[in-house]
Amino acid sequence: MLTPLWRVIAAVIVVAAIFAAGWAVNGWRKDAEIAGIEADRARERRDQALAQVKAVDDARFEEQRRTAAQTEIANAATKDAETARADARAADAVADRLRQRVAELVAAGRAPGNTYPAGAGQAAGDPIGMLADVLSRADQRAGILAEYADRARIAGQACERSYDALTGVSHQGGDGRD
């Protein structure tokens with residue numbers, strides 16, 4: 001039989017073996033937990049990378065959309081300005097012809113056969129000539145104001161369209177021309 005010393009040694013060996021087995025099993029369990037945590041972290045990093053790539057792509061798409069909208073709006077404003085200038089040139093040509101016709105009528109009215117009686121003390125002015133001059137100046141000023149108004153309207157509408165394109169909100173103008 002075993003002596004008491006050998007029994008103690010055997011008991012210590014059995015306890016040490018059980019402790020070592022428990023240690024090994026616990027290590028395997030913790031290794032599995034660590035592997036699971038590492039897999040979760042790898043999945044999170046991959047998902048974050050995919051989300052970042054998607055966000056960058058979305059931002060690029062939005063930038064391209066805005067750039068295209070701004071270019072289209074600028075082209076439309078340029079076209080509107082050219083149309084307004086052509087209309088102004090046509091109106092100027094009509095006004096020039098009208099002024100020329102008025103000048104012809106004034107010249108015909110000043111012919112020697114059509115004299116105006118002078119008032120007491122001072123010679124009467126040429127009312128037709130004065131009217132023609134006033135109308136000519138008023139027409140020129142109106143043309144300048146119309147040109148300014150056209151430029152302001154076109155710039156304002158382009159600004160509104162640009163803002164709407166950038167914000168996605170539409171502000172329809174009250175004049176029905178958008």
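Quick rundown of the values:
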| read-out | value |
| --- | --- |
| Taking the C-alpha atoms of the chain, convex hull volume expressed per residue in Å³ | 184 |
| 0 to 90° range, to nearest 10: angle between helix 4-109 axis and the chain longest Cα axis | 0 |
| Label point distance in nm, residue 106-residue 144, each placed 7 Å from Cα along Cα→Cβ | 1.8 |
| Crossing angle, helix 127-167 versus the chain [Cα axis fit, 0-90 degrees, rounded to tens] | 10 |
| In nm, spacing of pseudo-spin labels at residue 155 and residue 92 (7 Å Cα→C-beta vector) | 1.9 |
| Separation in nanometres of the label points that stand 7 Å from Cα toward Cβ, at residue 29 and residue 135 | 10.9 |
| Base-10 log of normalised Debye intensity for the range 22-69 (one unit scatterer per alpha-carbon) at q = 0.17, 0.18, 0.20, 0.29 Å⁻¹ | -0.64, -0.67, -0.72, -0.93 |
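Where a number appears in this text, it was derived from the coordinates with a stated rule and is not lab data. All of these numbers come straight from a predicted model, not from anything done at the bench. As a convention, Cβ positions derive from the backbone with ideal geometry for all residues, glycine included, and neighbour counts pool all protein chains shown.
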